[in-house]
Every structure is written in structure tokens, then in C-alpha cells.
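Only one structure is covered here, and it is reproduced in the block below.
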Amino acid sequence: MRTVRHIVVACTLLLVATFFTAGPAAAQGDVMGNVKAAMKIGSAKDLARNFSNVVEITLDGADATSYSNTQAEFVMKNFFSKNTPVDFSVNHDGTSEKGQLYAIGTYTAKNGSYTVLIRMKAAGGKYQIHSMNFIKD
């Protein structure tokens, strides 16, 4: 009887551990997938759903500028209209030691391509974009 109880407790702990480690990984994948899809079609509205309250955007070597999420949506809408998307691919992504998500990708537009660095922080239980850097190739 005691052995059965130990097995049940061990299995329960294993399931709980799996649940807690799989949840954040799935959430990270979902948000990065959403960002990738929005960038691929040039949808500032879809991208803005993943913005934090303040987003720092750097475009083609200019100084980084902090915008409210609403302002950042308009900045990205303007960028996408001037640089009509052809494709977006993530070349590398990961998590920093501080728990921030990042992705380095290539945004291909009709008039050229950009290397893009996207950084996200956890806020309110989900990851949100806090910085985007576009460097013309």
C-alpha cells in the first residue's frame, strides 16, 4: 500500500513539473509565432497586440526612440507602408539570462532587406515587445 502511494505521489509531482515547464515554453512560442506572422504580412495592428506600454524602436541607424504602444503602432504602420513586406524569417531566437526573449530575423521588403532584433520582457504573465531594431542590409 505504501509503495502505491509513493508511485502516485511521484507521478503527480512529475505531471505538475511538466505542466509548469511546458506552459511558459508554449506561451513563448505563441508570442514569437504571432510576431513572426505579423511581420511577414506587415500588419502593424497585429504586431501592436504584442507591444508593452512603451516600445523602443530604432529604424535604420537612427537614434532609438521610445513610443507609447499606440504611437509605436503608427510608426510600424508607416514603416510597413514604405517597406512593403515580401517575407520575414527568424534566423535565431532564444532567452537571455534575465529571462528576456529575443529574436534576430530578416525582414525582406520590395525595396531591400533589414536585419531585425526584437526583444521581449515578461509583464502581466505574458511576454511583450519592449524593443525593435531595424538595420538596413
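Residues in region 85-137 that are closer than 22 Å to TYR67 by Cβ, in contact (Cβ under 8 Å) with a residue 24 or more places away in the chain and hydroxyl-bearing (Ser, Thr, Tyr): TYR107, TYR114, TYR127, SER131. Among the residues of region 85-101, the one identified as modelled with pLDDT of 95 or more and of a type in the set (Ser, Thr, Tyr) is SER89.
Of all residues in region 49-63, those being within 19 Å of PHE80 (Cβ to Cβ) and assigned to a loop (DSSP other than H, G, I, E, B) number 5. For first residues located in region 47-62 and on the phi > 0 side of the Ramachandran plot, partners that are surrounded by fewer than 19 Cβ atoms within 10 Å (Cβ to Cβ) and in a strand (DSSP E or B) and lie 6+ apart or on another chain with Cβ distances below 9 Å form the pairs ASP60/ILE135; ASP60/LYS136; GLY61/ILE135; GLY61/LYS136. Within region 27-48, the presence of a residue that is in contact with a Phe, Trp or Tyr (Cβ under 7 Å, 6 or more places away or on another chain), part of a strand (DSSP E or B), modelled with pLDDT of 95 or more and hydrophobic (A, V, I, L, M, F, W, C) is excluded.
Taking region 69-97 as the range and being over 17 Å from the mean Cα position of the chain (by Cα) and assigned to a strand (DSSP E or B) as the test, the residues that pass are PRO85, VAL86.
The values are calculated or read from the model by the stated rules, or taken from the named source; none is laboratory data. The structure presented is a predicted model; accordingly, all values stated were derived computationally and were not measured. Cβ: placed from backbone, ideal geometry, glycine included. Neighbour counts: every protein chain shown.
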